[in-house]
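These notes concern the structure reproduced below.
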Amino acid sequence: MTPWLALAASYLWGAVPASYLAGKWSRGIDLRRHGSGNLGATNTFRVLGAKVAAPVMVFDILKGFLPVFLFTRWDGPAGWQWGLAYGAAAIVGHVYPVYMRFRGGKGVATAAGVFLALAPLAIGVAILTWLGVLKVTRMVSAASLAGAAALAAVLALAAPPGGHPEIRWLGWAIAAFVIFSHRANLRRIVRGEEPRFGRGREPEATVAAAAITADAEEVR
C-alpha cells in the first residue's frame, strides 16, 4: 500500500461512526438528534449509558492508534513522518466523517489513540490527568481540556518522542484543536452551567426510552 492510499484509508477508518452505529444497533436511535448531538463516546454515555459507551470509546481510540501503528510499518525510515499524517487524517475523519455528512465527534479519544502510538509517555500523563479531573469535577469537558493541556505541557518539557520535534508540534496542534472545539463547554464551565455526570441525570432507561419515542414521532 502506498503512503497516499494509506492516508486515505486512515481518514475513512477514522470516519467510521461507532457511536452512531451503537445507537442504531442498541436502541434504534440517531445520536445526532439526542444529548449534545455529537457522535462520540461522551454523548453515547449520556444517552445510552456506560455499557454501550465503553466499546465506542475503545473503538474511537483504535481509530487513531491502528493507522499510525500499522501503516508506518510499511513506510521504512520515513514511517514516523507519514505516521503524523495518518494520525491527523484519522482525527479529521472522526470529526468530519464523510459517511455522516461531515458531522462527527470532537476527536479526543481518537487523538489519544494517535499519541498512544506516537508518544505513549505523554498520552499516559494526559490520560491520568483526564481521569483525575473527571473524578473531581464530574465533567468530561473539563477533563478533556485538562488532558489536552497536560499533553501539550509534557511534549514541551520532555524530549521529543524518538527525537522528532514534529511529533511535539502535532501534539500542540491537536491540544489547541481540542481546546477550541470545547470553547462552548468552557463558557458553560465558567458560568457554572456545564452538566456533571451523576448529578441531575435521568436514569439510562428513561433517557433511552425518551430518545426512541422522539425518533418514532419524527418518522410519523
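Brief remarks on what is shown
- Considering helices alone, the calculated mean residue ellipticity of the chain at 222 nm is -22500 deg cm²/dmol, with DSSP H runs of length four and up weighted by -39500 (n - 2.57) and normalised per residue.
- Of the trypsin sites (Lys or Arg not before Pro) in the stretch 87-142, the ones in a loop by DSSP (not H, G, I, E or B) with at most 11 other beta carbons within 10 Å are R101.
- Relative intensity of the stretch 3-219 on a log10 scale, I(q)/I(0) at q = 0.08, 0.12 Å⁻¹, equals -0.28, -0.63, per a Debye sum over C-alpha point scatterers of equal strength in the absence of solvent.
- Relative intensity, log₁₀ I(q)/I(0), of the stretch 101-149 from a Debye sum that treats every alpha carbon as a point, q = 0.14, 0.25 Å⁻¹: -0.35, -0.88
- Listed by chain and number, the lysines whose C-alpha is less than 16 Å from the C-alpha of K51, apart from same-chain residues fewer than 8 away, are K24.
- Longest to shortest principal axis, alpha-carbon extents of the stretch 1-42, angstrom: 39, 19, 13
- Legend: calculated FRET efficiency, W74 to L157, from the Cβ-Cβ distance at R0 = 41 Å, rounded to 0.05, equals 0.80.
- Here the contact order of the stretch 3-219, divided by its residue count and restricted to Cα pairs under 8 Å and six or more residues apart, works out to 21 percent.
Rule-based calculations on the coordinates, nothing more; no lab input. For clarity, every value in this text was computed on a predicted model and none was experimentally measured. In this analysis, Cβ positions are derived from the backbone assuming ideal geometry, glycine residues included, and neighbour counts consider all displayed protein chains.
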